[in-house]
Each structure stands twice: as structure tokens, then as C-alpha cells.
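A.B. asks: Shown below is the structure under consideration.
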Amino acid sequence: MASLTASLLASSPEAFTAATTGPFLTSAAAGTTPRETLGLWLANDRLYIHAYIRATGKLLAFLPLPALPGPTPGTVSSAPPTDPETKLLDWLVAALANVRREEAFFLATAERFAIPLDLPVDPTTGTVPVAAKLPGLRRWEALFDAVAPGPAGAPLPWLEAAVVFWGTEVCYLDAWTRVRDAVAAARGPAGPDADADGGALRREFIPNWTNDEFRRFVHQIGSIIDEAVAEQVRYHGAAVRDQLLERALGQWREVLLAEESFWPAM
């Protein structure tokens, strides 16, 4: 039986491809992305990070953690946690640290390569007007702001939220891995300095978004979801998997729509 995340990936292959390819990414691979376009996307991605942080807080607020401290009742162990909720807690803590580093990395790299990150700000509210945001950012903000427990009494109340986090990370990794592979396959003798962005993507961003550490990070949350679902199937039978998959599919479809519209027009 396929894992839950494998079933999600197989459920909408065309939508997944649309979410992880497009003119902006093709331009990134070709070294033809103007600084202004890259800056627009990075500025929106920075606001996406802020929505991601808020969603993490929402999930942490209802994540049910085990009442007993160790794998054996009444004991404390230094071994890694075995319950999915504590594993997810650890992943979320790491995710918060990661996105804070990512935001600092955006700012430092943009300054180094003279990439503008400015978006218009409403002087009365200090916020970016909705009309100035990419459609995908608006979708992501809505999706993150809607993070909430699953149906009352249902197993894995955190499943829908975890699928949103896994979905955004797996799309991001796949999209930039495609770009990295296209760069490796097609680039001629010209170095990154000849790129329209001065080499920011080739030298800094693409390696950062495709490294082994990030790949392991994405794999980790997928494994947490899959192991938790497999455990529910062992306890309650195969029918529960269909129920969990149906819950996850709704979030997965929204993730793909948000990701597809997050890339700026070229």
C-alpha cells in the first residue's frame, strides 16, 4: 500500500507539475531573471515566511502532546521520541529556526546583489496592500491563516495542518531541484556573473534551496505523516486510511493552487 504522501503526489500529477514549473523557473535556470522580478518574488516570499510563522503557532496551539514523558509510562528516556506528535513538535521548532535564517539570508543576499525587495506599504496600517501581493501569496496567507484542528473526534487532528507544511516544502524542493538540474544540463561556459541577476540564483539561492539538509528536512515531515497514518491503520483497520486520505487531499489541492500562482509572471 502506498504511503499517504505518495498517494497525494500521485493524485494530481498535472497539478503538481504546474505548481513546480513555469516561465519564472525556466528563466531562473537560464540565468535571464531580471533583478526586479527576482526581487518581487523574494519580497513576497518574505511575507510568505511571516504567514508560515503564524501558522506554526496555530498548529502548536492545538498539537496534542503525550501526557507521559517517556516511551514507557513513568520513565524518562534520552532516546528520540517515537510518538508522531512529539516528532512533529521537534520538526516545527526546527522549521521556525529555518525560516528565520532564511529571511536573514534573503536580506543579506539581496543587498549583496543589489536586488530590490521593496513592496508598497499602506502608510496608515504599515502593511502591504492586498493588491500589491502576488496571487499565490494571497492564497498562502489564506491557507496558513485557516490552519485549525481536523474534524472533532477524528484521529490525527493535526493532519491537515501537517499536509500544508509538507506540501509547501515538497513543492519548493521539487521546483528548485528541477531548476538546478536544468542549469547543470544546459549551461555553457558563461559564469554566474553574466546572469541577469548578477549570479544571485546560481551562486546562492539555488544551492540553498536544493541542498541535502533541506532535502532531509522535507523527507522528515513526510515520514512523520506517513508513519502516523500507518499506525492508525494498524490500530483501526484500512478504512481509516481512506478517511485520512480524503482529509489530506483537500489541503493538498489548495497547496498546489497556491504554489502554482506564487511564481511571478514573466
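A.B. asks: Within segment 115-174, work out how many residues are free of Cβ contacts under 8 Å to residues at least 12 places away in the same chain and assigned to a loop (DSSP other than H, G, I, E, B).
C.D. replies: Adding up the residues that qualify gives 11.
A.B. asks: If you don't mind, there's one more thing I want to ask. Out of contact with any helix residue (DSSP H, G or I) (no Cβ under 9 Å at 6 or more places or on another chain) and exposed (fewer than 15 other Cβ atoms within 10 Å of the Cβ): is that true of A184 in this structure?
C.D. replies: Considered against the rule, which asks whether it is out of contact with any helix residue (DSSP H, G or I) (no Cβ under 9 Å at 6 or more places or on another chain) and exposed (fewer than 15 other Cβ atoms within 10 Å of the Cβ), A184 comes out as yes.
A.B. asks: Is it true that some residue in segment 222-243 is in contact with an Asp or Glu (Cβ under 6 Å, 6 or more places away or on another chain) and not acidic (D, E)?
C.D. replies: no
A.B. asks: Let me ask something additional. Considering every residue within segment 202-215, establish whether at least one is without any contact (Cβ under 8 Å) to a residue 12 or more places away in the chain and hydrophobic (A, V, I, L, M, F, W, C).
C.D. replies: Within segment 202-215, none of the residues are without any contact (Cβ under 8 Å) to a residue 12 or more places away in the chain and hydrophobic (A, V, I, L, M, F, W, C).
A.B. asks: Okay, moving on. Write out, first by first residue and then by second, each pair whose Cβ atoms fall under 6 Å of each other, whose residues are 6+ apart or on separate chains, and whose first residue, in segment 37-66, is within 16 Å of L96 (Cβ to Cβ) while the second is surrounded by 21 or more Cβ atoms within 10 Å (Cβ to Cβ) and modelled with pLDDT under 95.
C.D. replies: none
A.B. asks: Still on this structure, I have one more. Residue under question is R234, and the condition is that it be in a helix (DSSP H, G or I), free of Cβ contacts under 8 Å to residues at least 12 places away in the same chain and touching a helix residue (DSSP H, G or I) at 6+ places or on another chain (Cβ under 7 Å); does it hold?
C.D. replies: The answer is no for R234.
A.B. asks: Identify, by number, the condition in (1) assigned to a helix (DSSP H, G or I); (2) among the charged types (D, E, K, R); (3) in contact with a Leu (Cβ under 9 Å, 6 or more places away or on another chain) that D197 doesn't meet.
C.D. replies: Failing condition for D197: (1).
A.B. asks: A further question follows. Based on this model, can you work out whether V121 counts as surrounded by fewer than 16 Cβ atoms within 10 Å (Cβ to Cβ) and touching a Lys or Arg at 6+ places or on another chain (Cβ under 9 Å)?
C.D. replies: The answer is no for V121.
A.B. asks: Here is a further query. Checking L143 against (1) touching an Asp or Glu at 6+ places or on another chain (Cβ under 8 Å); (2) more than 30 Å from L244 (Cβ to Cβ); (3) among the hydrophobic types (A, V, I, L, M, F, W, C), which single condition isn't satisfied?
C.D. replies: (2)
A.B. asks: Quick check: is even one residue across segment 254-263 in a helix (DSSP H, G or I), under 21 Å from R46 (Cβ atoms) and of a type in the set (D, E, K, R)?
C.D. replies: yes
The values are calculated or read from the model by the stated rules, or taken from the named source; none is laboratory data. Every value quoted in this text rests on a predicted model; they were computed, and no experiment measured them. Here the Cβ is made from the backbone with ideal geometry for all residues, glycine too, and neighbour counts use every protein chain on show.
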